[in-house]
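Derivation of every value follows stated rules applied to the coordinates shown; laboratory data play no part. Predicted model only: the values in this text are computed from it and were never measured. Cβ atoms come from the backbone with ideal geometry, glycine included; neighbour counts cover every protein chain shown.
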Amino acid sequence: MTRKHSVNRPPTPDGAEDQGNEPILQEIINIKLIESGEKERLMEMLRERLIECGWKDEMKALCRAYVKKKGRNNVTVDDLVHLITPKGRASVPDSVKAELLQRIRSFLTSAAL
Amino acid sequence: MSSKINGHVSPQPCPHLLDFRFRNGPKPFRALHDCIRVKPPGGRAAIRREPSEVPRCGTCEESSRSRLYACVACAAVFCHAPLLHSHASDHALSIPGHEIAVDVDRAELFCCACGDQVYDRDFDAAVVLAQTVNATATTSTSGSTAMQCSVAGSQPENLRKRRRVDYRPWEPDSGEHISRGNQSIPLLDATNASLVSSTQQPWGLRGLNNLGNTCFMNSILQALLHTPPLRNYFLGDRHNRYYCQQKNGAINGTKNSRLCLACDMDAIFSAVFSGDRTPYSPAKFLYSWWQHAANLASYEQQDAHEFFISMLEGIHEKVEKDKRKSQSPARQVTKVIVFSLTLINAELASALRFRTAGLMMSTALLLIPSSNKIDPAGGGDCCIAHRVFSGILRSDVMCMVCGFTSTTYDPCVDISLDLEPNQGGSGKSSSAKSLNSCNVEADCMHPNQNGGISTLNGCLERFTRAEKLGSDQKFFCQKCQVRQESLKQMSIRKLPLVSCFHVKRFEHSSIRKMSRKVDRFLQFPFSLDMAPYLSSSILRSRFGNRIFPFDGDEQDASNDLSTEFELFAVVTHSGRLDAGHYVTYLRLSNQWYKCDDAWITPVNESIVRAAQGYMMFYVQKVLYYKESENQGTS
């Protein structure tokens, strides 16, 4: 006869662990990227590309226009992030995305070995 | 955020920051100083408890968030994404005194309650110190006091970015001082200082005397005298007329050795920029040009655009002969073909008077089918004229039956644009007419683009539009091996340093067998972006936004220089086809000057906007940068 609350039951999981004990694949990749220093290099490369293609200047111009409209004491960082995140994500050139994906892909194939 | 970061305007701290500083003593961020890690590439500062720490949010355990903040009070890390969830804000609101956090990837202070960045002088100074220590690669002095960097800390924002050297204007050292004194003649000495400074006019403004219907030459010369790359070339002594003539005299002692249009240009530059304000007579230049273009040598009125082309050819020819004698004939043939083709297209040949015969004959002789594949990179290095004005046009002809596209590249020194046919719709034509009638003081600041007013951008758009070649102009398709109807599209593969736009203001009516001038007003902008007319843009719009390989190094051509241009000279024509007058408007230090032969007067920009443009000269904005500054004392 089994009792409902057996002392041998495993402890009740608390809120932080309801994602599962196993880190998901995205996490593993992220950690591997950071540990090998590849993420830093990718970030630098991405920054360079976005400057080259004028994306940074476009975003800067958007922010400036917004600040001009609102007045410079009425703008917070969160406002600006909220403003340019959708436009920024949409206007990244395809070539930059492709290059980044290619780099990540080659990193993964080399890291998996 | 304050715009004068390097000045003395510092942003005011928010109440939470003030409170935090008040509560935590004189150096509240001391503990963070040891956590500043500077990554060698680029010197970005980050906050890590251990050098290899992977920060993750304490609530959701995610490390891949884009903004992670570490609470300064309790060192707990949280993510902050205001739209989705902000565990940082949750933490800040739940525990008073924990509102201030630091961005772990950027080492910037943040107030989670206000949702905005905050600044602390000591903390920023410590970050700067860490970055400079890292950059100079000395032994670690991170244990030293933060006070040491208060000297360097006056410009924290500047050093946050990559290391830059502060701007210092050039001063000659002692050796250069001496050689300057020995070999130069001061432009501003006691004798002519009063002459120049009293009139307050910029350098290089000097009237040109009309030597007998030579306003066509004067107007183009005025424009060329202030073409920045050309002016810099000649004033920089890159073509010295004394040395050049000596060379020519030594090589071949024929009469033609004295003829060098570039030397004459050099003489004109020296005369015009000498500071003398009395009008100058370019007689020597006129004589040289007559020798070069013998068929145009007369006191009759000429076409300014024709003169422009002929002059560029003259400069090219002479320089070419000196350098590469074997190649010059081919180049000249190609150039003249391009020139003559534009003539024929424009029906200008029939519009001009007696010279028609001469021109038609010479073009007929030269319509030899030459190789279409001209080296795309060519046309730029042969002489200064081409270096400045030469661009490359791309022409795509697509067979409408099979889709086979044949692409050709042609160098060009200018772009001739058709004026759009009368767009006057129902009510819109009235606005166009009223602009034509008022010649002066027309302040047409906001014309409706789609109304009856022609604009330069509209003409360029028409130029690069895909055009159906009519059934009488069928192109031979190589794939179908028959003549088929085709679609032709022009685009610009390589932009020149200076773009010259020529407006075809001549209309030939075959019905009435006469030509007339089109006086319709054309609106032209002071700043022009040529990006939509480049081959890359045109092709992209044809195929959609895709990554696909361009032939050759297409991308280099458009990425090389920027596509923004600034207007600096406008040549206008007033009068009829056979009798008229040319006037040039020049833009110097953002002030417009009307150059009417020997008379130069400053004018308001509204007059220029209302003028009837015939040729417009635009220079790359990067080369025009300094022009807007006051050049009085430089």
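Side notes on the structure shown:
- Taking a ≥ b ≥ c as the square roots of the eigenvalues of the alpha carbon gyration tensor, segment B:15-135 is oblate, as a/c is not under 1.5 and a/b does not beat b/c.
- Arranged from fewest to most other beta-carbon atoms within 10 Å of their beta carbon, B:His226, B:His581, B:His98 become B:His581, B:His98, B:His226.
- Based on Cα contacts under 8 Å between residues 6+ apart, segment B:15-135 shows a relative contact order of 26 percent.
- Dipole of segment B:15-135, positive direction: furthest Cα of B:Cys114, B:Cys35, B:Gly25, with charges on the beta-carbon: B:Cys35
- Averaged over peptide B:114-120, the number of partner chain Cβ atoms lying within 10 Å of each residue's Cβ comes to 3.
- Here segment B:15-135 is treated with +1 on each Lys and Arg Cβ and -1 on each Asp and Glu Cβ, and its dipole about the Cα centre works out to around 280 debye.
- Estimated at 0.36 nm per residue, the fully extended path between A:Ala61 and A:Ser36 surpasses their Cα-Cα distance by 5.5 nm.
- Taking other C-beta atoms within 10 Å as the exposure proxy, B:Thr407, A:Thr109, B:Thr214 rank A:Thr109, B:Thr407, B:Thr214 from fewest upward.
- Ranked list, fewest to most other Cβ atoms within 10 Å of each Cβ, for A:Cys53, B:Cys382: A:Cys53, B:Cys382
- Modelled FRET efficiency - R0 22 Å, B:Asn240 with B:Ala271, Cβ distances, 0.05 increments: 0.90
- Among the listed pairs A:Lys39/B:Lys621; A:Lys69/B:Lys27; B:Lys494/B:Lys517; A:Lys97/B:Lys621; A:Lys60/B:Lys621, those beyond 25 Å (Cα-Cα): A:Lys39/B:Lys621; A:Lys69/B:Lys27; B:Lys494/B:Lys517; A:Lys97/B:Lys621
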